[in-house]
1. Run the quick spin-label model on R99 and R36: label points 7 Å from Cα toward the beta carbon, then report their separation in nm to one decimal.
2. Along its three principal axes, how long is region 103-170 when you only count alpha carbons? Whole Å, largest extent first please.
3. In degrees from 0 to 90, rounded to the nearest 10, what is the angle of the helix 93-102 Cα long axis to the longest principal axis of the chain?
4. Relative to the longest principal axis of the chain, what angle (0 to 90°, nearest 10) does the C-alpha long axis of helix 129-139 take?
5. Using amide H atoms built in the peptide plane, which far-off residues or other-chain residues are under 5 Å from I147 H to H?
6. Let me test this: with uniform point scatterers at the alpha carbons of the chain, what is the Debye-based log₁₀ I(q)/I(0) at q = 0.08, 0.09, 0.14 1/Å?
7. Report relative contact order for the chain in percent, whole number only (criteria: Cα-Cα under 8 Å, sequence separation at least 6).
8. Output the 0 to 90 degree angle, nearest 10, between the alpha-carbon long axis of helix 157-166 and the longest principal axis computed from the alpha carbons of the chain.
Amino acid sequence: MQYVENPPNPWLSHSVEWLGEPPETKLEVFEETDTRTIISHNNSPDVSFDYSLNCYRGCIHGCTYCFSRPTHEYLGYGAGTDFDRKIVVKVKAPELLRRELMKPSWKGDEIVFSFTSDPYIPLEANYKLTRSCLKVCAEFRNPVGVITKSALIRRDIDVLQDLTREARLGVFFTIPFTDRESARAVEPYAAT
């Protein structure tokens, strides 16, 4: 018998443990429409940038080492498989970004896509929120950094080229494993 459990959520007063085999996990997508802001300010000295943008909460890649998992607990979800299978989509991200970049207080600092979720998770193929937000940044000539493991970024080469011409762009790929077996054990759903 294999035992699977989400880590306990410190913000909930109760938790559930399965006796026997847990139910099969399915992907659940929640569209968030009441988001008020989309640019996050990072105060950590361990992070090399000040501002980030996440169009999604949670990440389908399922990387076992992901430091972002505990952020899902603020939503009432678990940091384990809930992080991989309960994805929140910030459907108003492009309009929120436009509004924030228009504020006189915005000074044009680099915005990094994304910090707590890959900006090119498979849902991005349909929602196109990252693409739309990158277009907004190109329009405002705002510098951008992109951190991804996904080949879906190739879809947006035209927008990335615009950013390179009009502002500044840095793209960072993480490829921690060269052999498929190790990658699948630690990053079960990330692109190979």
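1. Result for the modelled spin labels: 1.0 nm.
2. 34, 24, 19
3. Helix 93-102 sits at roughly 40 degrees to that axis.
4. Between the helix axis and the principal axis of the chain, the angle is about 20 degrees.
5. F113, S114, F172
6. Log10 I(q)/I(0), no solvent term: -0.28, -0.36, -0.84.
7. Numbers: 323 pairs, mean separation 42.7, N = 192.
With pairs under 8 Å counted, the relative contact order is 22 percent.
8. That helix lies at roughly 40 degrees to the long axis.
None of the figures in this text is laboratory data; all of them are computed from the coordinates on show. Note that this is a predicted model, so its numbers are computed, not measured. No Cβ is skipped: glycine too gets one built from the backbone with ideal geometry, and neighbour counts run over all protein chains shown.
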